[in-house]
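The values are calculated or read from the model by the stated rules, or taken from the named source; none is laboratory data. Being a predicted model, the structure only gives us computed values, none of them experimental. Cβ placement follows ideal geometry from the backbone for every residue including glycine, while neighbour counts extend to all protein chains displayed. Protein only, heavy atoms only, side chains kept; ligands, DNA and RNA dropped before computing areas. Shrake-Rupley method; radii C 1.70, N 1.55, O 1.52, S 1.80 Å.
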Amino acid sequence: MSLDEPPQIPFLDLTDVTEAVREEVLTGWTRVMDSRAFVGGRAVSQFESHFANLCATKEAIGTANGTDALHLVFRALGLGPGDEVVVPANTFVATAEAVVLAGARPRFADVDPETLLLTPPLLEEAITPRTRAVAVVHLYGQMPDMPALLTVAERHGIDLVEDAAQAHGASWGGRPAGSFGVAGAFSFYPGKNLGAFGDAGAVVTSDAQLAEKIRSMRDHGRVGGGHHEHALLGTNSRLDTVQAVVLDAKMSRLHRWNSARRVLAATYGALLDPVHAPLVAELPGSKGVHHLLVVRVAERDQLRLSLAAHGIGTGVHYPTPCHRMAPYAGYADGPLPVAERAGREVLSLPMYPGLRVSEVERVAALVNETVARGAFA
Ligand SMILES: *Cc1c(COP(=O)(O)O)cnc(C)c1O
């Protein structure tokens, strides 16, 4: 790179959110090392109680990752062979994966063309007599119409589970993601809005019995504090103590970081060409947290290359809808045109706290210039 070339803008940069907690994490880790309690302990229970507070639920149960959080919820709800779970086709693979791991069948639903999220009519259409639950995904950090989805779920007597892995701190009508369904599942993968220094996840719920079951199942089905009493078929999916320290330190900064994302998203929204590079829409009731900043462009792959040539990193979330992936194609029962088209058009632009407004201006100007002229590199 020559001296007068503008600096690179990566798709994701964890520098700021890491440095902000460095001292606090090192202090907390020293305490963990001094205690020699590397599994469980006060750091985990303290994080769980803070996270339940954030989600306005009675309980939070730390897990090893977000996929396990979903999988444990489905198993604890008693889902298994013969049961169907409605899953929007436009999601990260883990939503469908967790359903299959629990022994149930995903039933794929299409998504709204503006928000790319599940809608009440699409849920209604996907429900069959075998449907036991729906996994509502707050994809990209934005929320669908939760009260209306809950009404449909209740009318059909099915459980609503929230996949809130991209929506830490998001809310609908002032009520936090994770508090609407029977349970919510979160991932703390490093790049998420609340990210660990490795893998981690959590289930939130206000159902005391479900919480107790999942708490037991994440720890080999142990009950009653006994080390050798295994009452349930469990697994090992505990939240690492060292990760709980990181998450607790970051959580006190989450709302500030989410506000920074909102400012950046509003800047993108004000600048981007609404015809050739429209943003994925957010519903008025949703106060989203913009985990990803997704636009739709016809010549997506060419635009990616052009931006890369200018040092701008991008991502695609997601190029292949779940019902088109080898392990899940057998569960598909028809084309899902909106999700399939989205797979060809979605492009995720740089988005993270610490990204500067001036950088957003540069990215938006380059996108506009490229798509309007069809001037792909
Ligand atoms: C990240 C993610 C998951 C899975 O979380 P892991 O911690 O990576 O297992 C599930 N669902 C969605 C929508 C995600 O973005």
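Kindly provide the chymotrypsin sites (Phe, Trp or Tyr not before Pro) of the range 73-123 that DSSP labels as loop, not H, G, I, E or B, and whose Cβ sees at most 11 other Cβ atoms within 10 Å.
Numbers: sites: F74, F92, F108; in loops: F92.
Sparse-neighbourhood loop chymotrypsin sites (Phe, Trp or Tyr not before Pro): none present.
Using only Cα atoms, what is the ratio of the radius of gyration of the range 201-296 to 2.2 N^0.38 Å? Please report the intermediate quantities before stating the final value.
Numbers: Rg = 20.5 Å, N = 96, 2.2 N^0.38 = 12.5 Å.
My calculation over the Cα atoms of the range 201-296 gives 1.65.
Rounded to the nearest 20 debye, the dipole size of the chain about its Cα centre is 500 debye, using +1 on the Cβ of Lys and Arg and -1 on the Cβ of Asp and Glu. Placing dummy labels 7 Å off each Cα toward the beta-carbon, the span from L232 to A308 is 4.5 nm. Computed over the chain, relative contact order equals 22 percent, with contacts defined as Cα pairs under 8 Å that lie 6+ residues apart.
Going by a ≥ b ≥ c, the root eigenvalues of the Cα gyration tensor, does the range 221-377 fall in the rounded group (a/c under 1.5), the prolate group (a/b larger than b/c) or the oblate group?
On the way: a/c = 2.66, a/b = 1.55, b/c = 1.72.
Verdict is oblate for the range 221-377.
In order along the range 47-60, the phi-based Karplus estimate (6.51 cos²θ - 1.76 cosθ + 1.60, θ = phi - 60°) of 3J(HN,Hα) comes to 4, 4, 6, 5, 6, 4, 4, 4, 8, 6, 10, 6, 9, 9 Hz; Gly and Pro are listed as x.
Straight Cα distances below 21 angstrom link K192 to the lysines K250, K287, with same-chain residues fewer than 8 positions distant left out. To the nearest 0.05, what FRET efficiency results for A281 and S35 with a Förster distance of 45 Å applied to their C-beta separation? It comes out at approximately 0.40.
Would you work out if the range 153-263 is rounded, prolate or oblate? Take a ≥ b ≥ c from the square roots of the eigenvalues of the alpha-carbon gyration tensor; rounded if a/c is under 1.5, else prolate when a/b is larger than b/c, oblate otherwise. Oblate, because a/c is 1.5 or more while a/b does not exceed b/c.
By the rule of a C-alpha distance below 16 Å, with chain neighbours fewer than 8 residues away ignored, the lysines paired with K58 are K213. The figure for H323 is an accessible area of roughly 10 square angstrom, using a 1.4 Å probe on the protein chains alone. The helix-only estimate of mean residue ellipticity at 222 nm for the chain, built from DSSP H runs of length n ≥ 4 each weighted as -39500 (n - 2.57), is -11500 deg cm²/dmol after division by the residue total. Taking square-rooted eigenvalues a ≥ b ≥ c of the alpha carbon gyration tensor, is the range 65-110 rounded, prolate or oblate, where a/c under 1.5 means rounded and, failing that, a/b exceeding b/c means prolate? Verdict is oblate for the range 65-110.
Once R0 is set to 51 Å, what does the formula 1/(1 + (r/R0)^6) return for the Cβ-Cβ distance between E212 and R341, expressed as a FRET efficiency to the nearest 0.05?
Details: r = 44 Å, r/R0 = 0.86.
For E212 and R341, the calculated efficiency is 0.70.
Summing charges over all other residues whose Cβ lies under 13 Å from the Cβ of K58, with Lys and Arg as +1 and Asp and Glu as -1, gives -3. Between V134, V86, Q46, the Cα set farthest toward the positive side of the dipole of the range 16-249 (charges on each charged residue's Cβ, about the Cα centre) is that of Q46.
In a DSSP loop and with at most 12 other Cβ atoms within 10 Å, the trypsin sites (Lys or Arg not before Pro) in the range 83-181 are R130. In terms of its Cα atoms, the chain spans 67, 55, 37 Å along the principal axes, sorted from long to short. Relative to its Kirkwood radius, the Cα radius of gyration of the range 3-150 gives an Rg/Rh of 1.08. Distance between the C-alpha centres of the range 70-103 and the range 226-249: 21 Å, rounded to the whole angstrom.
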